[in-house]
Amino acid sequence: MRARRRRGAMAAGWFVALLGALLLAGRAARGLYFHIGETEKRCFIEEIPDETMVIGNYRTQLWDKQAEAFLPSTPGLGMFVEVRDPDAKVILSRQYGSEGRFTFTSHTPGEHQICLHSNSTRLALFAGGKLRVHLDLQVGEHANNYPEIAAKDKLTELQLRARQLLDQVEQIQKEQNYQRFREERFRMTSESTNQRVLWWSIAQTVILLLTGIWQMRHLKSFFEAKKLV
């Protein structure tokens, strides 16, 4: 009986560990691709805690009609990147090449808008300007290049692992603070909505009472005019 319990506990532990690894992998991998046309803008919303570094890597491919496939873009193709914080303030606005990397740090928690578009007319030469953009976003500790950090600071494997754990704990704290911020904002919105509903209910009640009083007086005047009372 004890052996079965031990096997059950071990199985549960492996399941929890596997689930945690999958969740971390899902958060670490934020790669995607999308299609845009000439000068067309594509924007994405990313919820980011405050004081968090974000690194975006992208590369572009142009549609080749003869090969019927997407091929690497020409070096002269330009890609414009613009990032706005939750207050719609521009924190990054820069033009890059056909393949590049952009970095920014959030100073306000909330939804950040990341927009990309090509301002090149070279797309008109390629099947109506069909362009594929591969984008990979790395947020928080996933943006750190730990092999480079280890080589620069001459860290041992144990020290590097400790550094990774400290960064993960710091990122978890930032995520928790952001969740508290969202909860407080939702609570304030709910209280404001409930207050408006209360005042609207009071206004409806007052209007109904005034309408009832006016109808009673009007009916009384009608009966007096007809000498029914």
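Each residue in region 26-63 was checked for being open to solvent by 50 Å² or more (accessible area, probe 1.4 Å) and over 22 Å from the mean Cα position of the chain (by Cα), and 3 pass. Only residues that are at pLDDT below 80, surrounded by fewer than 12 Cβ atoms within 10 Å (Cβ to Cβ) and charged (D, E, K, R) were counted across region 64-107, and they come to 2.
Taking Lys174 as the residue in question, decide whether it is of a type outside the set (Ser, Thr, Tyr), open to solvent by 30 Å² or more (accessible area, probe 1.4 Å) and on the phi > 0 side of the Ramachandran plot. Step through it out loud before you land on a result.
Numbers: of a type outside the set (Ser, Thr, Tyr): yes; open to solvent by 30 Å² or more (accessible area, probe 1.4 Å): yes; on the phi > 0 side of the Ramachandran plot: no.
Here the answer is no, as Lys174 does not meet what is asked.
Figure legend. Inter-residue proximity from region 71-93: first residues within 26 Å of Phe181 (Cβ to Cβ) and without any contact (Cβ under 8 Å) to a residue 40 or more places away in the chain, second residues open to solvent by 70 Å² or more (accessible area, probe 1.4 Å) and not in a strand (DSSP E or B), beta-carbon distance below 9 Å, spacing 6+ or different chains. Indicated pairs: Asp85/His107; Ile91/His107. Considering only residues in region 118-171 that are among the β-branched types (Val, Ile, Thr) and either open to solvent by 80 Å² or more (accessible area, probe 1.4 Å) or not assigned by the TED database to the domain that holds His107 (or both), the one that is modelled with the highest pLDDT turns out to be Val169. State yes or no: is Thr39 in the same structural domain as Leu92 (by the TED database), modelled with pLDDT under 85 and hydroxyl-bearing (Ser, Thr, Tyr)? Yes; evaluated as a whole, the condition is true for this residue.
The values are calculated or read from the model by the stated rules, or taken from the named source; none is laboratory data. Note that the coordinates shown come from a computational prediction; the quantities given were computed from them, not determined experimentally. Cβ atoms come from the backbone with ideal geometry, glycine included; neighbour counts cover every protein chain shown. Keep in mind that these areas ignore ligands, DNA and RNA; they rest on the heavy atoms of the full protein, side chains included. Shrake-Rupley method; radii C 1.70, N 1.55, O 1.52, S 1.80 Å.
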